[in-house]
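The values are calculated or read from the model by the stated rules, or taken from the named source; none is laboratory data. Source: prediction; values computed, not measured. Cβ placement follows ideal geometry from the backbone for every residue including glycine, while neighbour counts extend to all protein chains displayed. Areas reflect the complete protein model, heavy atoms only, side chains present, ligands, DNA and RNA absent. Shrake-Rupley method; radii C 1.70, N 1.55, O 1.52, S 1.80 Å.
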Amino acid sequence: MSAALLALSGLRKSFGGILAVADVTLAIAPGELVGLIGPNGSGKTTLLNLITGFYPPEHGRVRLLDRDVSGQPPDAIFRAGLTRMFQQVRVFRRLTALQNLEVAGRAAGLSAAAARQRAGRLLERLGLAPHAGDEVGALSGGQQKLVEFGGCFMSEPRLVVLDEPFAAIHPTVKQVMVDVIGERHAAGQAFLVVSHDIPAIMRLCPRTVCMNAGAVIADGPTEQVMTDRGVVEAYLGGHAR
Ligand code: ADP
Ligand code: MG
């Protein structure tokens, strides 16, 4: 097995008395596409916040390639090669779609000309070229998510982390995202994708991790994880209560 791209060991984070992430150990290899599922409140977003530097871990370590990035701030982790998309859309509403991507490109160190060129190509691929000059605040929620999604690819990230990218978007927008994730993965891009959309996870992700109550309760080939008794019970239990 090749060296891990991302290696988490014993990661923990609590809020008051709630153990949101309970000693998670997990590794992602270069180029892997991994799904992360689990009932609401199981700690998925908190885990992403630990990985991307939004919270320092109480215990445990985050290693990206061969670097220990535990406790480093989000911008340092971004520069180390990790980019993310948030569960709640984060875009510059008063800037155009093109400008939003240009900002992401400049933040990643591209020249103005290179950022513009790359942004134009991405908008084309995302089907947003007709909206390049529109203020993002005037676009649909799904289109805004697509703009944020596009921003992830304005740099050459080693790992892209997506938090429920398919939630509450039009099926055509979702299809674009699914296709682009598949294409980029085929070209060697690694992803960690949080989603409740089980069909999309099954289509995209060879491997899936399931969390419940802050812990990893299953990790393996997606089809196996989806039929795992503990996974099924975690979902049924969560809905029954
Ligand atoms: P998921 O993304 O799987 O739905 P979260 O990571 O958002 O789960 O939440 C895990 C647990 O941590 C939940 O019990 C949630 O209420 C709690 N939690 C998450 N963020 C905070 C916060 N900023 N302050 C207090 N509790 C939080
Ligand atoms: Mg969440």
What dipole magnitude, in Debye to the nearest 20, does the range 1-118 give about its Cα centre under +1 on Lys/Arg Cβ and -1 on Asp/Glu Cβ? 460 debye
Treat every Asp and Glu Cβ in the range 124-219 as -1 and every Lys and Arg Cβ as +1, leave all other atoms uncharged, and give the resulting dipole magnitude about the Cα centre to the nearest 20 debye. 260 debye
For the range 1-75, what does the relative contact order come out to in percent, with C-alpha contacts under 8 Å and a separation of six or more? 36 percent
Taking a ≥ b ≥ c as the square roots of the Cα gyration tensor eigenvalues, with a/c under 1.5 meaning rounded and otherwise prolate when a/b beats b/c or oblate if not, the range 69-195 comes out rounded
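Ignoring ligands, DNA and RNA, what accessible area per residue does the chain give at 1.4 Å, in Å²? Walk me through the intermediate numbers first.
Working: 11170 Å² over 241 residues.
Here the residues of the chain average 46 Å² of exposed surface.
Starting from the Cα gyration tensor of the chain, take the square roots of the eigenvalues, sort them a ≥ b ≥ c, and report rounded, prolate or oblate (rounded when a/c is under 1.5, otherwise prolate if a/b is larger than b/c, else oblate). Before the final figure, lay out each step's value.
On the way: a/c = 1.76, a/b = 1.43, b/c = 1.23.
The shape class here is prolate.
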Pick from ALA113, ALA97, ALA80: which residue has the top mean-square fluctuation in a GNM of the chain where Cα pairs under 10 Å get a spring? ALA113
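If you count the DSSP beta bridges with both ends in the chain, what percent of them are antiparallel, to the nearest 5?
Details: 22 of 39 bridges.
DSSP beta bridges in the chain are roughly 55 percent antiparallel.
Over the chain, what is the mean sequence separation of C-alpha contacts under 8 Å (at least six apart), divided by residue count, expressed as relative contact order in percent? Mind dumping the intermediate values first?
Working: 461 pairs, mean separation 63.3, N = 241.
The normalised contact order for the chain reaches 26 percent.
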What percentage of the solvent-accessible surface of the range 140-241, computed with a 1.4 Å probe over protein heavy atoms, is contributed by carbon and sulfur atoms? 55 percent
Partner lysines whose C-alpha sits under 22 Å from that of LYS174, ignoring same-chain residues fewer than 8 away, are LYS44, LYS145
Could you tell me which of ALA108, GLN143, ALA129 has its Cα farthest along the dipole of the range 98-143 towards the positive end, charges placed at Cβ (Lys, Arg +1; Asp, Glu -1), taken about the Cα centre? ALA108
Unit charges on C-beta of K, R, D, E only; dipole of the chain, Debye: 380 debye
So how much accessible area does PHE191 have, in Å² to the nearest 10, using a 1.4 Å probe? 0 Å²
222 nm mean residue ellipticity, helices alone, for the chain (DSSP H n ≥ 4; -39,500 (n - 2.57); rounded to 500): -11000 deg cm²/dmol
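How large, in percent, is the carbon and sulfur part of the accessible surface of the range 70-128 at a probe radius of 1.4 Å?
Values: 1670 of 3240 Å².
Here carbon and sulfur together make up 52 percent of the probe-accessible area.
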Please compute the contact order of the range 100-209 in relative form: average sequence separation of alpha-carbon pairs under 8 Å and at least six residues apart, divided by the residue count, as a percent. 26 percent
